[in-house]
Each structure stands twice: as structure tokens, then as C-alpha cells.
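To start, the structure itself, in C-alpha cells.
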Amino acid sequence: MNPRDSDDDRPGAAAGASSAAPEQQQQQQSLEWRFAQVFGERAAGEDVQEVDIISAIEFDKSGDHLATGDRGGRVVLFERTDARDEHANRRELERQDVPITRHPEFRYKTEFQSHEPEFDYLKSLEIEEKINKIKWCQTSNNALFLLSTNDKTIKYWKVQEKKVKQVSVMALDTSQTVGDGTTSHASTSTSEPPLPNGGCSKNSDSLNSNLVFPPGGYPSLRLPVITSQDVNLVARCRRVYAHAHDYHINSISNNSDGETFISADDLRINLWNLDINSQSFNIVDVKPTNMEDLTEVITCAEFHPTHCNTLAYSSSKGSIRLIDLRQSALCDNHSKIFEEHEAPGARSFFTEIIASISDVKFSRDGRYLLSRDYMTLKLWDLNMDSGPVSTFQVHEHLRPRLCDLYENDSIFDKFECCLSGDGLHVATGSYGNLFRVFGSTPGSTEVTTLEASRNPMRRQIANPTRPTRGTLTSMTRGVRRGGENLGVDANGNSLDFSTKLLHLAWHPTENSIACAAANSLYMYYA
């Protein structure tokens, strides 16, 4: 994301002094999204097995690999296929002065069973195998490393190519004849079975009596030749990080130092070293002495992309706390808090439920923070904790139906969010297998609604009118956009709340989005 100052935090800038011309210059051309490919597409009327539903998506830092996890505890890896001849093709196109346009393509690489269902006998609690989060780690020696977690256990996986070696030439060719014209025969078979690990039999001090060497030896005697036939991908669990969380793990995050990571549950955040699975350090603990005094829980935690001492965690009350690990061993006090206070008189029964933040993501340069609650996306500037820079309305059209959503538990759905690598766009999912892409630059009116299908624009809705700047008070700064019309589909039917797009990821360097609709993985590019 390009560093920039919002209109309201510029020193000495008067409200309304900026003209429309600079805003128009900052406007980026709207992205035109196209379908790229799909994996695991359902046929019409085909039932989806519960274990096949995708529950996590993550690109690696290079964008050449993509990982998905499902409710059956499996991790599936995909690799990019169109980037291998990139440099050769680029030179050709540069000579011809042709613009370079690449169609991102991925292919299935391998899959492995990461977690199995377990049972906690002490608490009489079933631990399901569902993958909650996947995080890529630093690669080494052409091997891929990643972390995967279910509700209780984190595992560190190494995926590497292993060559299958076979003996292609055996010792003797008995069809050849020796010098006297007789056919050579040799037998190394014995009545005793071979001993493992190169063990010697009791008669090892003398040659086998059945082995006869003709005069002059064997001219056809050859040493065995080992050849590599196939290359198999092998996934091996290097370490298991267990028994550190009393509550369900909701997030894990790698540190930029490449050595540590955090895991967060409802009440605690633990710091781990990748090489040590026997102990972890509790760095955040919000559990009160009396559980009746509990007012909020941790919903998500994320390390800063470049500062190894900084991390952010969100809460069920809609606040985001930034903490510095250098302050103390137990980070009870935050260095900054980001929250937007509600308007007086606007509180209702659902206020606290819809304020709960389900996901938090840093921009690639670490300057901005994107958060998703049930109704909105909010973009925060780490240098301005008085309020969000921009607010994007996602589910405002559902406000009259909060009672229905509460009764069918849809109001507790946890939608993820993501930012583009350049920070100019943000995206999040919705119901009816829809997801929305917003332009995040100042003055941008770009709002695109797409459906996870082969025709993403099938249910496209006209963009809302140009948003207006919010009042520049200390608590309500920012832009609000995108919440005007999105309650029904193109045919006027209400959205199906049973089909929801919870998980999506943006390619780190290109405008490409991977999103999960039930058991299907859809990919789009712009």
C-alpha cells in the first residue's frame, strides 16, 4: 500500500479545502474481474460432504503456491504453472514491445491428512479435525514449510520432493557363455532367508557352496545401477505444538523473524519458537479472576509484516489492540487501541454481536490495518487511532433482518478479509456465495460485487452513487461507501444465508483472488 495521509490527519489542512482534482488523480481504474479456474466444482444438484468444505485459504509470500484446508483435516497444495517461463517470455515480448499479460494458472500439487478427530477424555470433549488456519513458513532447500491448526493442536509440516530409486541392472546375465563354450550358471540362493540390515549368517566366513565360479570368471558380471524413476511429494510432520490452549485456537501468525509464531484462543495468546514444541510463552492473557466478570474475548491475532516486536489482536467488542513485545513479558497493556465508538442512542441488543471483529489483516507495508466485523470493513492507519480511515458497508442491507439472522445463528458467521499487494483494493465475502471488492484509495467509488461461479458478473449490481466525506470529528473520520443496495439477487429473490463465502485470499503481488464456495475453490484475475 502506498503511504499516504488521509484528508483529515494532514497537519494544518482545513476541512473541505482539498479540491476534487487531486482526488480524481488518485482514482485508480476499476478492475475488471474475469474467471480464471475452479477446482472441485460441484455438479448441479450434487450434495456436498461436510468434510469436503474448505475452511482455510492461504497464498505463500511468493504467490507461487496456494494452500487450502478443509473440515476433514486435509491440506491441499496448489502450485503456479504459468510463471516458470516468465523471464524468457518477458524478453521476447519486450523486444516486440508487446504488453505483458499473464493469465494466472495453478495446478494440483499434493495433499495430505494434517489432523485427525480426537477425544479429550479429561473434559469429555470431541476435538474435530477441521483446519482453522494455515500459514506458510520460509522455504529451505527446495522444501515447503507450513503451519496448520485445528481447535487444539498446531502442526509444522515439511513438503519435499523425494526421488524413488530403483536397481535397473542386476549382477549377472546368464545368457552369456564363458570361455569353454559352456553356459555359465551361478546360484546365490540359499535355504536360509536373508538377514536384515546387512547381517551375516553363521557360515559367512566361507563362500556359499552353491556358488561356482567358472575358470576365467564371468565376463558379463556388472555392478548394479541405481536410477531415479519417479519423483514423489512427501509431507512429513516435523513438530506438533499441543496442550497449550484451554480454548479453541482461532488464529496463528508467523513472525517476520522467521523463528517464532503466535497462536491465539479466546482468552490467551502464546508465543512459540518453531524449533521448540515443548514450551510456549503466554504474552497476552485476558482471563479474569472470576469468569463472571468476562466481558470480551480475543477473536484474531496477527503479527506485523516487518516489525517482529509488534502484533495486533482484535476483540469481540470491536476494538483492535496493538502491543509491543519489548514492553514486558506479559503484554497486559497495549501501546495503541483502535476502536470506533457508537453513536449515542444507537445501542441495541445486537450492537455488541455485530461489532465483534472476525478477521484482521495488515497491509503489505505494515502501515494500514484492515478489520472485518459483521456489517462492515474498516481500514485503519496505524498512525491515527482516533478512527478508521475508511469504512466499507458490506451488510448494511441486512440490518432490518438481524432478528432472523440471530435466530438461525448466521449473525455469528466469521467472514475473512484481504488486501491487495499494492494496498489499493480490499475484499471480503458475503452470503449467496458473493464477495465484494472495494477501492481503498481516497475518493474511490469502486465497488464490485462478484459471485463465486464461472460467470462472476452474473449477479453484478450497479455501483452506488459517489460517497461523501464523513464529518471530521475525532471519532467518525473516514469514508463510508458501498452499502446502498444489496439485499436481493438479480431476480429479486432474497439471498440464501446457507451459502456463504467466508474464506478468500488475495495474491501477494498480482490482482488475483482465490475464494472458497463450500467445497469448490474459485480463482479470478483482473
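The values are calculated or read from the model by the stated rules, or taken from the named source; none is laboratory data. Note that this is a predicted model, so its numbers are computed, not measured. Cβ placement follows ideal geometry from the backbone for every residue including glycine, while neighbour counts extend to all protein chains displayed. To get the accessible areas, we keep the full protein, side chains included, count just its heavy atoms, and leave off ligands, DNA and RNA. Shrake-Rupley method; radii C 1.70, N 1.55, O 1.52, S 1.80 Å.
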>> Going residue by residue through the range 296-315, is there one that turns out to be in contact with a Cys (Cβ under 8 Å, 6 or more places away or on another chain) and under 22 Å from Ile57 (Cα atoms)?
In response: yes
> If you take the residues of the range 383-408 that are within 19 Å of Ile323 (Cα to Cα) and touching a strand residue (DSSP E or B) at 6+ places or on another chain (Cβ under 6 Å), which of them is modelled with the lowest pLDDT?
Replying inline: Asp385
>> What's the number of the only condition in (1) in contact with an Asp or Glu (Cβ under 9 Å, 6 or more places away or on another chain); (2) part of a loop (DSSP other than H, G, I, E, B); (3) more than 30 Å from Asp404 (Cα to Cα) that Ser328 fails to meet?
In response: (1)
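Residues checked against (1) closer than 30 Å to Phe59 by Cβ; (2) under 28 Å from the mean Cα position of the chain (by Cα); (3) at pLDDT 95 or above:
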| residue | (1), (2), (3) |
| --- | --- |
| Gly421 | yes, yes, no |
| Ala427 | yes, yes, yes |
| Gly432 | yes, yes, no |
| Phe438 | yes, yes, yes |
| Thr441 | yes, yes, no |
| Ser444 | yes, yes, no |
| Arg459 | yes, yes, no |
| Arg477 | no, no, no |
| Leu486 | yes, yes, no |
> If you go through the range 27-61 one residue at a time, how many are β-branched (Val, Ile, Thr) and under 18 Å from the mean Cα position of the chain (by Cα)?
Replying inline: 4
> Which residues, taken from the range 418-448, are of a type in the set (Ser, Thr, Tyr) and assigned to a loop (DSSP other than H, G, I, E, B)?
Replying inline: Ser420, Ser430, Ser440, Thr441, Ser444, Thr445
>> Considering only residues that are outside any strand (DSSP E or B) and surrounded by fewer than 23 Cβ atoms within 10 Å (Cβ to Cβ), which ones fall in the range 375-388?
In response: Met375, Leu382, Asn383, Asp385, Ser386
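Every residue, every condition in (1) more than 18 Å from Leu267 (Cα to Cα); (2) touching a Gly at 6+ places or on another chain (Cβ under 6 Å); (3) open to solvent by 60 Å² or more (accessible area, probe 1.4 Å), yes or no:
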position: Thr306; (1), (2), (3): yes, yes, yes
position: Ser314; (1), (2), (3): no, no, no
position: Lys317; (1), (2), (3): no, no, yes
position: Ser328; (1), (2), (3): yes, no, no
position: Cys331; (1), (2), (3): no, no, no
position: His334; (1), (2), (3): no, no, yes
position: Phe338; (1), (2), (3): yes, no, no
position: Ile353; (1), (2), (3): no, no, no
>> Take Gly443 and tell me if it is touching a helix residue (DSSP H, G or I) at 6+ places or on another chain (Cβ under 9 Å) and either of a type in the set (Gly, Ala, Ser) or more than 23 Å from His503 (Cα to Cα) (or both).
In response: yes
> Taking into account only those residues within the range 267-293 that are assigned to a loop (DSSP other than H, G, I, E, B) and over 18 Å from Asp151 (Cα atoms), which is least open to solvent (accessible area, probe 1.4 Å)?
Replying inline: Leu274
> Name the residues in the range 28-61 that are of a type in the set (S, T, N, Q) and open to solvent by less than 60 Å² (accessible area, probe 1.4 Å), would you?
Replying inline: Gln37, Ser55
> Hey, among Ala518, Ala526, Ala514, Ala490, which residue is of a type outside the set (Ser, Thr, Tyr), at pLDDT 95 or above and either farther than 18 Å from Met457 by Cβ or out of contact with any helix residue (DSSP H, G or I) (no Cβ under 7 Å at 6 or more places or on another chain) (or both)?
Replying inline: Ala514
> Taking the range 154-171 on its own, how many of its residues are more than 21 Å from Asn270 (Cα to Cα) and part of a strand (DSSP E or B)?
Replying inline: 12
> Does any residue in the range 264-279 that is more than 18 Å from Thr295 (Cβ to Cβ) come within less than 6 Å, Cβ to Cβ, of a residue that is among the aromatic types (Phe, Trp, Tyr) and surrounded by 18 or more Cβ atoms within 10 Å (Cβ to Cβ) six or more places away or on a different chain, and which pairs are these?
Replying inline: Trp272/Tyr241; Trp272/Phe261; Asn277/Tyr241
> Within the range 100-153, can you find the residues that are of a type in the set (Phe, Trp, Tyr), surrounded by fewer than 18 Cβ atoms within 10 Å (Cβ to Cβ) and either touching a Cys at 6+ places or on another chain (Cβ under 7 Å) or outside any strand (DSSP E or B) (or both)?
Replying inline: Tyr121
